[in-house]
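This report concerns only the one structure given below.
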Amino acid sequence: MSTARTGLPVGLDRFGGLAIALASVLGAASFLWPLFIPAHAGMNQAHAGDAPWIVAVLLPLLLVAVLGEFSSGGMDAKGVAMLGVLGACGAALRLPSGGAAGFEPVFFLLFPAGYVLGRHFGFLLGALTLFASALVTGGVGPWLPFQMMAAAWMGYGAGCLPHLRGRRELAVLAAYAALACLVYGLLMDLWFWPFGTGSSSRLSFQPGASLAHNLVRFLLFHVATSLGFDLPRAALNAGLILVAGRPVLAALRRASHRAAFGAPVEITARPLESPGVR
Amino acid sequence: MDESSPERCAAPAHVAKGHIVVAIVVDFGGRDGRVLVTCVVTRPGDTGAEVLQAQASLLGYAVPRYDASGSGLLCAIDGYPPSGCGTESGNHYAYWAYWHGGGKRWQYASGGPGEWTLSKGDVEGWRFEPDGRATPADPPPRAPSRAAELETPATTTGTAATTTRPPATTGKSSSSSRSNPSAGGKGSNTLAADAAGPVRQSSNSKSATRKGLFILCVALILLIGAGAYGRSRRKSSHAN
Amino acid sequence: MISFDRVTVTYPDAPAPVLDNVSLTIEEGHFALVMGATGAGKSTLLRCVNGLVPHFSGGRLNGTVSVDGRSTERYRPRELADAVGYVGQDADATFVADTVEDELAYAMENLGVDAATMRRRVEDVLDTLNLHPLRQRAITTLSGGQRQRVAIGAAFTASPRALVLDEPTSSLDPVSAEEVLASLARLVHDQGTTILVAEHRLERIVQFADVVVALGAAPGEVRSGVPAEIFATSDLAPPVVRLARVAGWSPVPLSVRDARRLAPELRRRLEAVRRPVVAAPRGDRVAKVKALSASYGPIPALAEVSLDLHQGEVVALMGRNGSGKSTLLNHLVGLRQAQRGSVEVLGRAPATLSAPEAIRLVGLVPQDPGALLCAETVAAECRDGDRDGGLAEGTTRAVLESLVRGLPDSAHPKDLSEGQRLALALALVLAPEPPLLLLDEPTRGLDYGAKERLSLQLRQLAARGHCVVVATHDVELVAEVADRVVVLADGEVITDGPSRSVVCHSAGLASQVARILAPAEWLTVEEVASALAAPASEPAPRNETAR
Amino acid sequence: MLRSRLQPLHPIAWWCWAGTLAVAASRTTNLLLLGLILAVVAWVVSTRRGNSPWARSFGALLRLGLFVIAIRVAVQVLFGDRVPGDTWFTLPSVPLPHWAAGVTIGGPVTAQAAIGAFCQGLQIAVILACFGAANSLASSFRLLRCVPAGLYEVAVAVTVAISFTPQVVLSIARVRDARRLRGRATTGLRGWRGLAVPVLDGALERSVALAASMDARGFGRRSSSPKRRRLTAAATLAGLVGLGVGLFEVLDSGSASGIGLAVILLGGALVIGGMAGASRGPRSRYRPDRWRAAEWLVVASGLVAAGAVVAAGGSDPSSLTQPLYPLGLPAVPLAALAGILIATLPSAVAPAPAPVRAQLQEAAA
């Protein structure tokens, strides 16, 4: 299977790649819809509340599709076990915060993992970590698929970073971590926007208004409500990566080496002539 | 400019400093084709909703009705339509379309009147669309009929002064008359009060019968809630 | 059933093969014991059976390994799941499900066994392994022995013809170990399963074995045969065998029962030897535990424990799992604050001290010594040790040298053998010269050689004036090193006395030699040997504290 | 009793029940209805939740709900539209610079605005509470056993993660002790580093051993025929396209009615079908959760509640909303209230809570 070829824990065939791309586009749409919704959609009072719920139904389906692709695209025991174990570590990191925003060092594990073990693994790990911790802490709800999708993208991005050496590697990872944490916060806020503001305030989205106009309103909402959580989180994760990044990367590399993903296996029935005989 | 928008009001000489005059064009569309222009003296920065409110109290109309869900959507002017709010039929809605600009330069408003802040010489437009599409493609308010033009100056200039209200008095006036919010000033107050009178009485008579049930339900809810709380407390105390 | 035909295994980027041209056959229904020093390739041999090596580890395998006529060349581990059950070294790392039942059913689910059969087999296994009362329990709430049995059951429910176990009892107390081995024996006898098991603690398991596979130091060197003939010569042997050699019995008895038949004659010879009791000078008090009580939530862990520890004595702390041994050690080292009662080391309460102060007063080597090691290389580890203790450069390294010779500086702690890792941890703890030294289960996974070295080191430390406390299940170690035995049960001290009387007079804690030679009070083979060798007048080599 | 202890209520049933109540809540801003739904949910949770760590999530989500209400009201007060109403007080209004889309902060705060915001906040809080209830009542492990075959590997990974989490927590404690034994700091970023690395190392080693034992027990014995693979992949992709079309239709019309919804449902069916169809290898289930009368009753009670509320909305929309113009007491739709009361049924018919998972509890604490 493909894992053996790539030497990475999880692989994906071309269907899977296509599925990820498609699902991500739709996922993006289900995050960004308030910015683009047309004027008359807001008029329809009876149904104005529908869009968020439709999207909340849609996203789990997207995730099912993508994760299913991963399952059939080839995950062997090693990949599954490593996913599970790293997911557990992530969940444990989220326990103190109960999955709430603010103190959330989970990304400090996710990004190095994605970076070392590849973007597909990063995608999966991002999604599964949040899922597992939600199950452990009992935080399952309509918000969960959005968290999973967002975290999955972040992990995928970490896997796409250029592979450097030494200091520059850490610097790039830390910078990415800070950025990704902020983006994650933005995305989750974007999801909460319609609920947080209703439709009758100067911060709520205006159907039909220009993108720039809505964007400004959203950013104001973001600054007003949750930037206070996101900045510390970004700093925390970036700091952790700077401090502990090197040994963590080393540990991950050692593990993926020990797990021997796609290591060459050779079995020959012909016995090796022992020196004594020769 | 002016000839392009006949509705524009000439600011009367006696308008106090720091105030502006805006025109409100209300086109009742389907009902009787009545188009009404009112000039209201107000403060820069007041919202379209407040000016509409002032106009209503000025003309003794019923208080403009807004969507109950608290979204800033306007449902009725002068109690028309009597019920419903942007009621949908297929892809069409019966609703009050909101415009800015006047004359040939009407622009479909992107937000509710609660968000639009006025500046000097603005023209506000309202047109009831019996079956509009809620897009800028809907027809703008028509030019005012002659009758309307004759009617308006008389009403407005007379009471223009009363409609301009220093924000300070708001608190008192509203506390004095619950039914008719935020329209300050004596003259308009009385006008609007009896406009909104019947509404208040009806709601009073209903609530009188309703109160008992209401309290009953609240009691029930509290009872169940307390029960749940007690049980979970016991459980947690058992746990450790 | 299981056959190796001229098998050579080489791991990727390893210079030399681990197994070199190994051939052996294990008949159906046999209980085969694989023994050998650490690093002799026991695990590799076992993992070859179901193809985990090389399919899982990578590397090259020449020759043919076949189980039930199926060669691992053609079948991957998962396709052999119905032929071979494999239980790895760390049972906790093998669980997939949350409850016992689901874990047992897991393999069958993968094999697609139909529901009815699954139900029946699960029930069978629950009975065979005596897990019935635990069926609904979450695995994380089970004790070590129970977990180990669940792991065995999980490997066995698919009813494989052969079962492969890698050190199934290394982390268990004698009682749990007995349970596990007994259930293995039942599998062999009732169901005719072929069992291949690697084990260090031969004394526990030898009496069950039909065949012994002995791996020598050199990768090529493999001997297999019936236990008697193997042990006649093998240098790895349980005390009973070593005693037999000393006494010159043959055929070599493998169980205490067999040995006792031959014992009377030896006892008579030993009675001639007078063993004078030399009271060791009792040093002054190092630590004092007074009426210490502790509890985890509602569960009491220690009840009114009082204890004095003195310089130069080796105290063995014994008792079942969960009898409070580790809790007591944690209090002594200051990881836990005394809730009721008091703990003092040289007059100071360890829990109140800062970490750097504490390590100069008392040191603890935890159950898993690896937990102490976090640097990349041995050299770095030693350097950190010096820095943490504020010691002169090279102190730790010197201590390490005194424990094991010539450990390579560049080696990664994770790649060391159990014994070496323990030595490194011990060195780190000893470097600041704490007067009180605590060890928790130090003999886990140690082969006989490493154990002998350890007990020697402990004696030397005591002689140098340290007070050494060893919490252990290993009665042989106790017999070797302890002056004094403290037995805990349910958090209470039920016995506290000189090791000889305690070890000889309690059935559960007696060493093999003691059991064979009872009622005479002999503890170890060495004693007997020197006693036999020596003329009657000379004192026995070992002192003991009189009280 | 024993019977029910062996098999608790099907997790899907709990989720359906909570979901229907959430739908009911999402249809109304009537304080009475919302309050009653909240009370009912709380009652059932208090009678039927176990001691698992996730059982506490109900309380957690209640607190989160309060937070949401606070935000909702605060946003309304600071940035709310200045729609006329009974003015309570007037904040000094600060116009933001031009680039900020002409947004001004403050201005008169009307009772209508504040109460409307509160009702909408409460609505969200009640919906949160419903999901909190589902979390507290349904076991995550059992939930994971219900996933379609196509998701099997992923589900196993998650199961492993859940059952391994408490061990991670314990090993964190162990490592912290070990650092103390070497006389090192256990706090601060450096302490973090010393903590994170050994824990991670241990975990990763475990993962290799775990993989070996899983493979040795036949994990991933599957016959993935490329033909079937292509089929399921096609189904999935088609489903995704369908979802996309449906989504844009819905967003464009702003209503979940008609074509958009249909297309979405179709796409969803395709995706799920693809997953279910992708069953590979001869896997079987040990004692799958059965769907018994109790499950039906629980789901039905939820449906009744939701139905009653929706019906009330159909007959008289205003009975579901908090009257703002003019302000007044909410209507008392007796039918809807009665329907919601029926949703307390599970506290009678659902089997008693599952046994404790002490270890996990420790971990989550």
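No lab work stands behind these numbers, since they all come straight from the coordinates. Keep in mind that this is a model prediction, so the values were computed, not measured. Methodologically, a virtual Cβ is constructed for each residue, glycine included, from the backbone with ideal geometry; neighbour enumeration extends over all protein chains shown.
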Among DSSP bridges having both ends in the protein assembly as shown, what percentage is antiparallel? Round to the nearest 5. 60
Enter the per residue convex hull volume of region A:107-147, computed from alpha-carbon coordinates, in Å³ rounded to the nearest integer. 60
Normalised convex hull volume, the protein assembly as shown, alpha-carbon set, Å³ per residue: 194
At a Förster radius of 25 Å, what calculated FRET efficiency corresponds to the Cβ-Cβ distance of A:V183 and D:A238, to the nearest 0.05? 0.20
Cα→Cβ-extended label distance, 7 Å offset, between D:L231 and C:A463, nm: 7.8
Let's test the formula: R0 of 25 Å, r as the Cβ-Cβ distance of C:A489 and C:L262. What FRET efficiency results, to the nearest 0.05? 0.15
Amide H contacts of C:V22 (H built 1.01 Å from N, under 5 Å, at least 5 apart or other chain): C:V7, C:T8
Could you give me D for region C:2-234, from Stokes-Einstein at 20 °C and 1.002 mPa s, where the hydrodynamic radius is the Kirkwood radius over C-alpha pairs? Units µm² s⁻¹, please. 119
In sequence order, calculated HN-Hα J values of region C:500-517 (Karplus, 6.51, -1.76, 1.60; Hz; x Gly/Pro): 4, 5, 4, 5, 6, 10, 10, 4, x, 9, 6, 6, 4, 4, 4, 5, 5, 9
Please identify the DSSP H helices in chain D that span no less than 27 Å along the helix axis (Cα) and have a mean Kyte-Doolittle hydropathy of 1.6 or more. D:57-79
For region A:106-214, which trypsin sites (Lys or Arg not before Pro) are in a loop by DSSP, counting at most 12 other Cβ atoms within 10 Å? A:R165
Label-point separation, C:A375 to D:L334 (7 Å along Cα→Cβ), nm: 8.3
So how tilted is helix A:50-74 from the main axis of chain A? Cα-based, degrees 0 to 90, rounded to 10. 10
Once every Cα of region C:336-402 carries one equal point scatterer and solvent is ignored, give the base-10 log of I(q)/I(0) from the Debye formula at q = 0.13 Å⁻¹, two decimals. -0.47
With a Förster radius of 25 Å, plug the Cβ-Cβ distance of C:S250 and C:A529 into 1/(1 + (r/R0)^6) and report the FRET value to the nearest 0.05. 0.90
With springs only between Cα atoms under 10 Å apart, run a GNM on chain D and tell me which of D:I162, D:I272, D:I259 wobbles the most. D:I259
Whole Å is fine, so just give me how far the alpha carbon centre of region C:299-352 lies from that of region C:111-158. 37
Just from its helices, what would the mean residue ellipticity at 222 nm be for the protein assembly as shown, if runs of 4 or more DSSP H residues each count -39500 (n - 2.57) and the sum is divided by every residue, rounded to the nearest 500 deg cm²/dmol? -17000 deg cm²/dmol
By how many degrees, between 0 and 90 and to the nearest 10, does the Cα long axis of helix A:143-160 differ from the longest principal axis of chain A? 50
Taking only Cα atoms, what is the 0 to 90° angle, nearest 10, from helix C:448-463's long axis to the longest principal axis of chain C? 10
Going residue by residue through region C:192-197, the Karplus relation 6.51 cos²θ - 1.76 cosθ + 1.60 with θ = phi - 60° gives ³J(HN,Hα) values, rounded to whole Hz and with x marking Gly or Pro, of x, 6, 8, 10, 10, 9
Can you list the residues, at least 5 places off or on another chain, whose amide H is less than 5 Å from the amide H of C:G341, using H built in the peptide plane? C:S293
From the gyration tensor of the Cα coordinates in region D:50-181, what semi-axes in whole Å does the equivalent ellipsoid have, largest first, with each one equal to sqrt(5λ)? 46, 21, 16
Restricting everything to alpha-carbon atoms, can you work out Rg to Rh for region D:151-216 with a Kirkwood hydrodynamic radius? 1.10
Dividing the Cα convex hull volume of region C:285-510 by residue count, how many Å³ per residue is that? 116
How large is the Rg to Rh ratio of chain D when both quantities use alpha carbon positions and Rh follows Kirkwood? 1.04
Output wanted: per-residue J couplings in Hz (rounded whole) for region C:311-321, from phi through Karplus 6.51 cos²θ - 1.76 cosθ + 1.60, θ = phi - 60°, x for Gly and Pro. 3, x, 10, 9, 9, 9, 10, 10, x, 4, 4
Report, by chain and number, residues whose modeled amide H sits under 5 Å from the one on C:L439, excluding near sequence neighbours (fewer than 5 apart, same chain). C:V365, C:V469, C:V470, C:A471
With Rg from the Cα atoms and Rh as the Kirkwood inverse mean 1/r over Cα pairs, chain C has an Rg/Rh of 0.97
Nearby aspartates and glutamates by direct alpha-carbon distance to C:K325 (threshold 13 angstrom, same-chain neighbours under 8 apart not counted): C:D173, C:D440, C:E441, C:D490, C:E492
Spatial separation of Cα centroids for region C:212-272 and region D:143-170, in angstrom: 49
